[in-house]
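Each remark here refers to the structure printed beneath this line.
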Amino acid sequence: GKADDAGKGGDDAAGRAFLKRLKAQHRPKPPPAPDADGAKGTRPSLPPAPSLVPSVDAGDAITLTRVVAGSCTWRLNREDAEKADDVARRACAAHAVVGIRTFDCGDIYAGVEDLVGRFLATARGQHRALFESVRLHTKVAPDLDALARLQPVAGEAPAAQRQREAAVARFVEGSVWRSANRLSASVVDLVYLHWWDWNQWGFVAALRALAQLRERGVVKEVGVTNIDAPRLRPLLETPPPGCPKIACVQVNLSVVDRRAVATGLGELCQTHGVRLLAHGALMGGLLSKTWLRAPPPGGGAHP
């Protein structure tokens, strides 16, 4: 009816206004001038973000915005996939426009890497400066069943251990390339290693595989997730041969969950120059006005 037509007209007008703002904020910049030796300049660092979203260095090779767009709890409308995709891409663009240009993904976050990749593919063609300003983080989370089949056997020959390490390396490399393809990226700025069970063998082998990908330029920096201070300390102070420098650690941290501070993890990261990034800062939306004076969520609610 007329009400529907009016609504569509409003959406179109809002879309045109949004596109105008997007283009105005991200006009193409001139290429960097040659340096003193005549060589081309390197890729520019992250463009200045609004003052509310400053950027910081992490590791030796990346810059990230201090507010990161997390995607673990993103919900996609399964009944109307096309509408969900459009809404999500608009959300990606809205984050980038206000200065939140770091996107945190994961190889097990269903559909998220593809979604961000489609947004970036559009940005590459229409808003090059916006595309180049985005920083991409993702995670490698090895399959538990596959790891169970790779556990050491008493008295095994050195060749068997090398085969197990090669199998882990193939999995890690395959996961990273899959993520890069989904994200429409030739390089992933930061890859975290997520380890489900610390009693299972393979963590160091997976880190070594990420170190090799970093040396080849596929990954810029390496991080770890959901790790405690006792397990992180040897990685920073006496790292096993072949392991990469840890640039970032991502753990659950909010005004409610203070374990990273109380257990000394934050202090350890600060001592060694490792960036500590918080996930669950808003507890999946629980720390928002939506839940003010509302009944508690049910037992099956996402944390």
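The values are calculated or read from the model by the stated rules, or taken from the named source; none is laboratory data. Keep in mind the model is a prediction, meaning the values are calculated, not measured. Virtual Cβ from ideal backbone geometry, glycine too; neighbours counted across all protein chains shown. Heads up: the accessible areas ignore ligands, DNA and RNA and are worked out on the full protein's heavy atoms, side chains in. Shrake-Rupley method; radii C 1.70, N 1.55, O 1.52, S 1.80 Å.
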### Task
Sort through 135, 128, 118 and tell me the only one that's open to solvent by 50 Å² or more (accessible area, probe 1.4 Å), among the basic types (Lys, Arg) and at pLDDT 85 or above.
118
### Filter result (within 20 Å of residue 235 (Cβ to Cβ) and either in a loop (DSSP other than H, G, I, E, B) or open to solvent by 70 Å² or more (accessible area, probe 1.4 Å) (or both)) within the stretch 265-303
267, 270, 271, 272, 273, 274, 275
### Query
Does the stretch 248-264 contain at least one residue that is β-branched (Val, Ile, Thr), within 21 Å of the chain's Cα centre (by Cα), outside any loop (DSSP other than H, G, I, E, B) and at negative phi?
yes
## Note on the structure
Checked against (1) open to solvent by 60 Å² or more (accessible area, probe 1.4 Å); (2) at pLDDT 95 or above, residue 153 satisfies every condition except (2)
### Task
Taking the residues in the stretch 195-208 that are in contact (Cβ under 8 Å) with a residue 12 or more places away in the chain and over 13 Å from residue 165 (Cβ atoms) as candidates, determine which candidate is most open to solvent (accessible area, probe 1.4 Å).
196
### Task
Taking only the stretch 52-74 into account, find how many residues are assigned to a loop (DSSP other than H, G, I, E, B) and at pLDDT 80 or above.
8
### Summary
The helices (runs of 4 or more DSSP H) lying wholly within the stretch 143-222 that contain at least 3 residues that are closer than 28 Å to residue 102 by Cα are 158-182, 203-215
### Query
Is it the case that residue 114 is within 27 Å of residue 234 (Cα to Cα) and either under 16 Å from the mean Cα position of the chain (by Cα) or assigned to a loop (DSSP other than H, G, I, E, B) (or both)?
no
### Task
Answer with yes or no whether residue 211 is open to solvent by less than 30 Å² (accessible area, probe 1.4 Å) and either out of contact with any strand residue (DSSP E or B) (no Cβ under 9 Å at 6 or more places or on another chain) or basic (Lys, Arg) (or both).
no
## Note on the structure
Looking across the stretch 98-115 at residues that are of a type in the set (A, V, I, L, M) and surrounded by 18 or more Cβ atoms within 10 Å (Cβ to Cβ), the single one that is farthest from residue 84 (Cα to Cα) is 100
### Task
Determine whether the stretch 285-297 contains at least one residue that is within 20 Å of the chain's Cα centre (by Cα), at pLDDT below 90, of a type outside the set (Val, Ile, Thr) and under 21 Å from residue 105 (Cα atoms).
yes
### Task
Please tell me if residue 208 is among the basic types (Lys, Arg) and modelled with pLDDT under 95.
no
### Task
Spot the failing condition for residue 242; the list is (1) crowded, with 19+ Cβ neighbours inside 10 Å; (2) small (Gly, Ala, Ser); (3) more than 14 Å from the chain's Cα centre (by Cα), and only one is missed.
(1)
